[in-house]
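The values are calculated or read from the model by the stated rules, or taken from the named source; none is laboratory data. Since the structure is predicted, the reported quantities are computational estimates derived from the model, not experimental observations. Virtual Cβ from ideal backbone geometry, glycine too; neighbours counted across all protein chains shown. For accessibility, only protein heavy atoms count, side chains too; no ligands or nucleic acids. Shrake-Rupley method; radii C 1.70, N 1.55, O 1.52, S 1.80 Å.
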Amino acid sequence: MNIFVTGGTGYIGSNTCVKLIEAGHNVIVADNFYNSMPEVLDQIKIITGKTVKFYETDLLDAEGLDKIFEENEIDCVIHFAGYKAVGESCQKPLKYYNNNITGTLNLLFSMRNHNVKKIVFSSSATVYGNPETVPICEDAPLSTTNPYGSTKLFIENILKDISKSDEEFSISILRYFNPIGADKSGYLGDNPVGIPNNLMPYIVKVAKGELSCLNVFGNDYDTHDGTGVRDYVHVSDLADAHIKAVEYIADKKGCFVHNIGTGVGYSVLDIVKTFEKVNNIKIPYKITPRRPGDIATCFANPEKAKKELSFTAKLSLEDMCRDSWNYAKDK
Ligand code: WQD
């Protein structure tokens, strides 16, 4: 199939492009390099031997977007493009609503105007807010605690309304838990432009000596060691889930929601200890106050994706920590 990937040079997008190419699909990519680098395109070619068709396009450029649909016979869209920093979204909500929502509306108008009715959307476990129970099932109550999460939930609702209004649409909503790791080749890791937001990029900065120690945001949560528990999933497994989702909606109409996680929760200190063990590197840390908006525990019930998408995460926490370091150590 001809798959149009928005945000395809980003962390999850580029890993998904590799898996799409390996599965025999033709890949067209649009990105504006807001949170990625052009050399990712070369890295995709090194890994797969294939050159993706690339457009440097911002989804806010409706004309530029239409041009992509005019020049390519697109069968399915995978939509990654969007801002994703929780903290920044609280300081700059308008920036996030405009970029993430308007960009998505432009994409959906282009799809409609060119009769493209299959889309896989990159959503997030953040739409579950502070879950009442764990593991979290897809029918858990939805709520958000920050503008970034609200953009994800708004877009989910837009897609659900489109599906109700046009039964010809095939929509897959994938709710990611915490993606970490990198392609086994040592490329395509999480290389956020500027100050990281997430745990693993911080750990890697400490491992490289760029930071003296890791700040552990609170050890007074109701968890096994007091630090926050999350469902970390290898980015290569997450990329595989997108292949399964494209295949799943290929012959189905409707809107389908799936959690993409391992179903296992690990604490911050579990991650630190595993990273130290597999990479033989000491990660100094200090306990600091909780980060506003953080929740204690969040991990998936992965059974629906297993049953319907035939997706199960295969890679271990050790693989995630080893691949994260293998990618970052000489950058
Ligand atoms: C994980 C744990 C922190 C940094 C967010 C978004 C989610 C998704 C993933 C986009 C928490 C602790 C972190 C640090 C720490 N993003 N931590 N010190 O907040 O679970 O999820 O990123 O899709 O939508 O909400 O991920 O990696 O920021 O934090 O102690 O320097 O690590 O408190 O317990 P989070 P995270």
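Condition check: open to solvent by 40 Å² or more (accessible area, probe 1.4 Å) and closer than 15 Å to M320 by Cβ. Does Y232 satisfy that?
So Y232 does not fit the description; no.
Across the range 74-95, what is the number of residues that are touching a strand residue (DSSP E or B) at 6+ places or on another chain (Cβ under 6 Å), assigned to a loop (DSSP other than H, G, I, E, B) and aliphatic (A, V, I, L, M)? Steps first, answer last, please.
From the range 74-95, those touching a strand residue (DSSP E or B) at 6+ places or on another chain (Cβ under 6 Å) are 74-81; that's our starting set.
Next cut, assigned to a loop (DSSP other than H, G, I, E, B) only: 74-75, 80-81.
Still in the list and also aliphatic (A, V, I, L, M): 74, 81.
Of the residues in the range 74-95, 2 are touching a strand residue (DSSP E or B) at 6+ places or on another chain (Cβ under 6 Å), assigned to a loop (DSSP other than H, G, I, E, B) and aliphatic (A, V, I, L, M).
Say we look at the range 278-298 and pick out the residues that are among the polar types (S, T, N, Q) and more than 21 Å from the chain's Cα centre (by Cα); which of these is nearest to the ligand (Cβ to nearest atom)?
Checking each candidate, the answer is T288.
Which condition from (1) surrounded by 20 or more Cβ atoms within 10 Å (Cβ to Cβ); (2) at pLDDT 95 or above; (3) in contact with a strand residue (DSSP E or B) (Cβ under 8 Å, 6 or more places away or on another chain) is the one that D190 breaks?
D190 satisfies all of (1) surrounded by 20 or more Cβ atoms within 10 Å (Cβ to Cβ); (2) at pLDDT 95 or above; (3) in contact with a strand residue (DSSP E or B) (Cβ under 8 Å, 6 or more places away or on another chain) except (2).
Output the number of residues of the range 93-102 satisfying the condition of being in contact (Cβ under 8 Å) with a residue 40 or more places away in the chain and either of a type in the set (A, V, I, L, M, F, W, C) or open to solvent by 40 Å² or more (accessible area, probe 1.4 Å) (or both).
Counting residues in the range 93-102 that are in contact (Cβ under 8 Å) with a residue 40 or more places away in the chain and either of a type in the set (A, V, I, L, M, F, W, C) or open to solvent by 40 Å² or more (accessible area, probe 1.4 Å) (or both) gives 4.
Could you check the range 204-214 and list, in sequence order, the residues that are more than 8 Å from the ligand (Cβ to nearest atom) and more than 14 Å from Y11 (Cβ to Cβ)? Write out each step before concluding.
Keep residues of the range 204-214 that are more than 8 Å from the ligand (Cβ to nearest atom), which gives 204-213.
Correct list: K205, V206, A207, K208, G209, E210, L211, S212, C213.
Can you work out which of the residues in the range 118-130 that are touching a strand residue (DSSP E or B) at 6+ places or on another chain (Cβ under 6 Å) and not in a strand (DSSP E or B) is nearest to K304 (Cα to Cα)?
Going through the qualifying residues, I end up with A125.
Only one of K277, K286 is outside any strand (DSSP E or B) and modelled with pLDDT of 95 or more. Can you tell me which?
Numbers: K286 fails: outside any strand (DSSP E or B).
So the residue among K277, K286 that is outside any strand (DSSP E or B) and modelled with pLDDT of 95 or more is K277.
Given L174, L159, L153, which one is within 13 Å of the ligand (Cβ to nearest atom) and part of a helix (DSSP H, G or I)?
Testing whether each residue is within 13 Å of the ligand (Cβ to nearest atom) and part of a helix (DSSP H, G or I) leaves just L153.
Taking the condition more than 16 Å from the ligand (Cβ to nearest atom), surrounded by fewer than 18 Cβ atoms within 10 Å (Cβ to Cβ) and assigned to a loop (DSSP other than H, G, I, E, B), does K252 pass? Lay out the reasoning, then the answer.
On the way: more than 16 Å from the ligand (Cβ to nearest atom): yes; surrounded by fewer than 18 Cβ atoms within 10 Å (Cβ to Cβ): yes; assigned to a loop (DSSP other than H, G, I, E, B): yes.
Considered against the rule, which asks whether it is more than 16 Å from the ligand (Cβ to nearest atom), surrounded by fewer than 18 Cβ atoms within 10 Å (Cβ to Cβ) and assigned to a loop (DSSP other than H, G, I, E, B), K252 comes out as yes.
Out of the range 106-122, which residues are open to solvent by less than 40 Å² (accessible area, probe 1.4 Å) and either over 16 Å from V5 (Cβ atoms) or away from the ligand (no atom under 16 Å from the Cβ) (or both)?
If the condition is that a residue be open to solvent by less than 40 Å² (accessible area, probe 1.4 Å) and either over 16 Å from V5 (Cβ atoms) or away from the ligand (no atom under 16 Å from the Cβ) (or both), then N106, L107, L108, S110, M111, V116, K118, I119 are the ones that fit.
Which one of these does G263 not meet: (1) more than 30 Å from G24 (Cβ to Cβ); (2) open to solvent by 20 Å² or more (accessible area, probe 1.4 Å)?
(1)
Which members of the range 48-87 meet the condition of being over 29 Å from G186 (Cα atoms), open to solvent by less than 60 Å² (accessible area, probe 1.4 Å) and in contact with a Lys or Arg (Cβ under 8 Å, 6 or more places away or on another chain)? Write out each step before concluding.
Step one: filter the range 48-87 for residues over 29 Å from G186 (Cα atoms), giving 59-75.
Checking the rest, the ones that are also open to solvent by less than 60 Å² (accessible area, probe 1.4 Å) come to 59, 62, 64-66, 68-69, 72, 74.
Across the range 48-87, the qualifying residue is only N72.
What are the residue pairs meeting all of these: first residue in the range 116-139, first residue over 29 Å from D75 (Cα atoms), second residue in a strand (DSSP E or B) and within 10 Å of the ligand (Cβ to nearest atom), Cβ atoms under 6 Å, and 6 or more apart or on different chains?
Partner pairs satisfying both residue conditions: V134/T297.
Which pairs turn up if I take residues in the range 169-188 that are within 26 Å of V264 (Cβ to Cβ) and look for partners that are more than 11 Å from the ligand (Cβ to nearest atom) and aromatic (F, W, Y) with beta carbon separation below 6 Å, at least 6 apart in sequence or on another chain?
S172/F256; I173/F121; A182/Y327; G186/Y327
Would you confirm whether any residue within the range 13-28 is part of a loop (DSSP other than H, G, I, E, B) and open to solvent by 70 Å² or more (accessible area, probe 1.4 Å)?
Among the residues of the range 13-28, not one is part of a loop (DSSP other than H, G, I, E, B) and open to solvent by 70 Å² or more (accessible area, probe 1.4 Å), which makes the answer no.
Report yes if A239 is in a helix (DSSP H, G or I), over 21 Å from V204 (Cβ atoms) and open to solvent by less than 60 Å² (accessible area, probe 1.4 Å), otherwise no. Walk me through how you get there before you give the answer.
Values: in a helix (DSSP H, G or I): yes; over 21 Å from V204 (Cβ atoms): no; open to solvent by less than 60 Å² (accessible area, probe 1.4 Å): yes.
No.
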